[in-house]
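What follows is one structure encoded as structure tokens, with my remarks underneath.
No value in this document is a laboratory result; all are computed from the given coordinates. If you're wondering where the values come from, they're calculated on a predicted model, not measured in any experiment. In this analysis, Cβ positions are derived from the backbone assuming ideal geometry, glycine residues included, and neighbour counts consider all displayed protein chains.
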Amino acid sequence: MKKQLIRISVLQSSKIMTALYVLMGFIYTPIGIAMMVFGAPMVKKIGLFYILAPLITGIFGFVFFVIFAAVYNALAKWLGGVEVEVKNID
């Protein structure tokens, strides 16, 4: 059975993507902490960006996914949505 994704909810899907980007941003936090503790003054400044990575990636993730979803919705009206094939499992 084929199904077609014709619209992405802009705000709801952007909230989910923001949460995922924030979680992925935490990968950089331990690196930033180590840079802040053991680094030279210039390295400590760079370490601050690593510590703030969850916030930064969350903001950029939200903004860019809003743009993506809006563009997808516009293109899906014109070209049709992404087509997937699904089956029922009993």
message: At a 10 Å Cβ-Cβ cut-off, how would you order 43, 37, fewest neighbours first?
response: 37, 43
- line: Neighbour-count ranking for 3, 44 (other C-beta within 10 angstrom, fewest to most) reads 3, 44
- request: Kyte-Doolittle cut-off 1.0, length cut-off 27 Å along the helix's own axis using Cα: show which whole DSSP H helices in the chain pass.
  value: 53-79
message: Among 81, 71, 1, whose Cα projects farthest towards the positive end of the dipole of the chain, with charges put on the beta-carbon of Lys, Arg (+1) and Asp, Glu (-1)?
response: 71
field: Square roots of 5 times each gyration tensor eigenvalue, C-alpha, the stretch 37-84, largest first, Å
entry: 40, 9, 7
query: Taking the Cα centre of the chain as origin and charging only Cβ (+1 Lys, Arg; -1 Asp, Glu), how large is the dipole, in debye to the nearest 20?
result: 160
- prompt: Given springs between every Cα pair under 10 Å in a Gaussian network model of the chain, which of 61, 39, 47 has the largest fluctuation?
  reply: 39
field: Hydrodynamic radius by Kirkwood, which averages 1/r over all alpha carbon pairs of the chain, in angstrom
entry: 15.5
field: Proximal lysines to residue 87, defined as alpha-carbon separation beneath 24 angstrom and excluding residues fewer than eight positions away on the same chain
entry: 2, 3
